[in-house]
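A short worksheet on the structure shown next.
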Amino acid sequence: MTTTTGSLAISATGLHKTYGGKTVLDGVDLRVDAGTVFSLLGPNGAGKTTAVQILSTLIGADAGVLRVAGHDLAADPQAVRAAIGVTGQFSAVDGLITGEENMFLMADLHHLPRREGRLYAAELLQRFDLTEAAKKPASTYSGGMKRRLDIAMTLVGNPRIIFLDEPTTGLDPRSRHNMWQIIRELVTDGVTVFLTTQYLEEADRLADRIAVLDNGRIAAQGTAEELKRLVPGGHVRLRFSDPRSYEHAADALRDAARHEGSLALSIPSGGSQRELRGLLDRLEATGIEADELTVHTPDLDDVFFALTNSTVPARTTQPKEAAR
């Protein structure tokens, strides 16, 4: 198996794909460093799943130079398959057999010797806290347990690159946080994770780099902080409990937006230490003492709306009716 440490785990140049005359991916360029989490964001229909399917050899590209785990995707897809694992949007778990039998099946598919496969399956079941449920039918597992089993099955064969296509969709908040911890542990072990998600908080917390895909093209990519700096709208908010103090501050800070109902003022700011220090100096010089000061910088929600043409936002939190 090719080791990707210290190099690019995935690279795509000019990735192009059409279906029935509709362009789904239009010249996409991606670079994913080994041993990192790379997150691909975008509205529904932007082409995220198609990109995953192409890079994991499930479907072919119409054009583009693609390398995964050091292998040319077009010339040596079998070598790519040997180096990767894939967890799709929909669970690959067979509910008719036990969790343990699902793991044994994956070991057999990877042609592992029987004893080695059984030992490896047991280790993974223990790692993902599934040992107690291992001999129960997978149909009895909760959503979080099935997702953990799904990823455990993906790790059979020790892939160094894992594609996770919306792995936490439908999970309750606790299960989602558990999944985040699993992803962090994988990266600590040197695994590269290519993550698609509709949860902006998820990408913000996990990803070393993020690309925003819209209408088949990359609208922007970089670290979360780099993307946030692309969007204006940061401000410092001052809140007062005394109406007279509020009016005094509003007269002194002419550039502030007034919020009469909450007795608050919003002053435009990029959120840097220098700007904040300058504002504090202004407040001290004019004798203004706010009861509360908060700094707001653009978040990935702002980035998403600014960079995509979608009127439907990516999810920022788990829906209330999420499955357990």
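The values are calculated or read from the model by the stated rules, or taken from the named source; none is laboratory data. This structure is a prediction, so every number in the text was calculated from the model and none was measured. Quick reminder, even Gly has a Cβ in these numbers, built from the backbone with ideal geometry, and neighbours come from all protein chains shown.
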- line: Scanning the stretch 176-196 for residues that are buried (at least 16 other Cβ atoms within 10 Å of the Cβ) and either touching a residue at least 60 places away in the same chain (Cβ under 8 Å) or not assigned by TED's automatic domain parsing to the domain that holds residue 83 (or both) gives 176, 183, 187, 191, 192, 193, 194, 195, 196
message: When you scan the stretch 11-26, do you find a residue that is in contact with a Lys or Arg (Cβ under 8 Å, 6 or more places away or on another chain) and not in a strand (DSSP E or B), even just one?
response: no
- request: Would you confirm whether any residue within the stretch 148-169 is within 25 Å of residue 81 (Cβ to Cβ), surrounded by fewer than 18 Cβ atoms within 10 Å (Cβ to Cβ) and modelled with pLDDT under 90?
  value: yes
- prompt: Among the residues of the stretch 30-50, is any more than 21 Å from the chain's Cα centre (by Cα) and outside any loop (DSSP other than H, G, I, E, B)?
  reply: no
message: Need pairs with beta-carbon distance below 7 Å; first residue more than 13 Å from residue 234 (Cβ to Cβ) and within the stretch 283-301, second among the charged types (D, E, K, R) and in a loop (DSSP other than H, G, I, E, B); sequence gap 6+ or separate chains.
response: none
message: Given the criterion at pLDDT below 90, in the same structural domain as residue 31 (by TED's automatic domain parsing), under 33 Å from the mean Cα position of the chain (by Cα) and assigned to a helix (DSSP H, G or I), identify the matching residue among 275, 201.
response: 201
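A quick yes/no check of all residues on (1) among the acidic types (Asp, Glu); (2) touching a residue at least 24 places away in the same chain (Cβ under 8 Å):
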{"position": "34", "(1), (2)": "no, yes"}
{"position": "49", "(1), (2)": "no, yes"}
{"position": "52", "(1), (2)": "no, yes"}
{"position": "57", "(1), (2)": "no, yes"}
{"position": "62", "(1), (2)": "yes, yes"}
{"position": "73", "(1), (2)": "no, no"}
{"position": "79", "(1), (2)": "no, yes"}
{"position": "87", "(1), (2)": "no, yes"}
{"position": "92", "(1), (2)": "no, yes"}
Residue satisfying all of: in the stretch 204-247; touching a Ser or Thr at 6+ places or on another chain (Cβ under 7 Å) and either assigned to a loop (DSSP other than H, G, I, E, B) or of a type in the set (Ser, Thr, Tyr) (or both); nearest to residue 53 (Cα to Cα) among these: 216
query: Which condition does residue 270 not pass, out of (1) surrounded by 13 or more Cβ atoms within 10 Å (Cβ to Cβ); (2) under 19 Å from the mean Cα position of the chain (by Cα); (3) not β-branched (Val, Ile, Thr), if it passes all the others?
result: (2)
message: Against the condition in the same structural domain as residue 145 (by TED's automatic domain parsing), of a type in the set (A, V, I, L, M) and part of a loop (DSSP other than H, G, I, E, B), how does residue 171 come out, does it pass?
response: yes
Boolean, residue 149 is part of a helix (DSSP H, G or I), in the same structural domain as residue 14 (by TED's automatic domain parsing) and in contact with a Phe, Trp or Tyr (Cβ under 8 Å, 6 or more places away or on another chain): yes
task: Inspect all residues belonging to the stretch 51-61 and state whether any of them is more than 23 Å from the chain's Cα centre (by Cα) and either in a loop (DSSP other than H, G, I, E, B) or over 18 Å from residue 187 (Cβ atoms) (or both).
output: yes
query: Given (1) buried (at least 21 other Cβ atoms within 10 Å of the Cβ); (2) modelled with pLDDT under 95, where does residue 81 come up short, assuming only one miss?
result: (1)
task: Could you pull out the residue among 86, 65 that is assigned to a strand (DSSP E or B), surrounded by fewer than 19 Cβ atoms within 10 Å (Cβ to Cβ) and out of contact with any Gly (no Cβ under 6 Å at 6 or more places or on another chain)?
output: 65
message: For the stretch 248-260, give me the residue count where each residue is free of Cβ contacts under 8 Å to residues at least 40 places away in the same chain and in a helix (DSSP H, G or I).
response: 4
Test set (1) in contact with a Lys or Arg (Cβ under 8 Å, 6 or more places away or on another chain); (2) modelled with pLDDT under 85 - residue 317 fails condition number: (1)
- prompt: For residue 131, are the conditions met, namely being in a loop (DSSP other than H, G, I, E, B), at pLDDT 90 or above and β-branched (Val, Ile, Thr)?
  reply: yes
query: surrounded by fewer than 21 Cβ atoms within 10 Å (Cβ to Cβ), in a strand (DSSP E or B) and of a type in the set (A, V, I, L, M), is that true of residue 93?
result: no
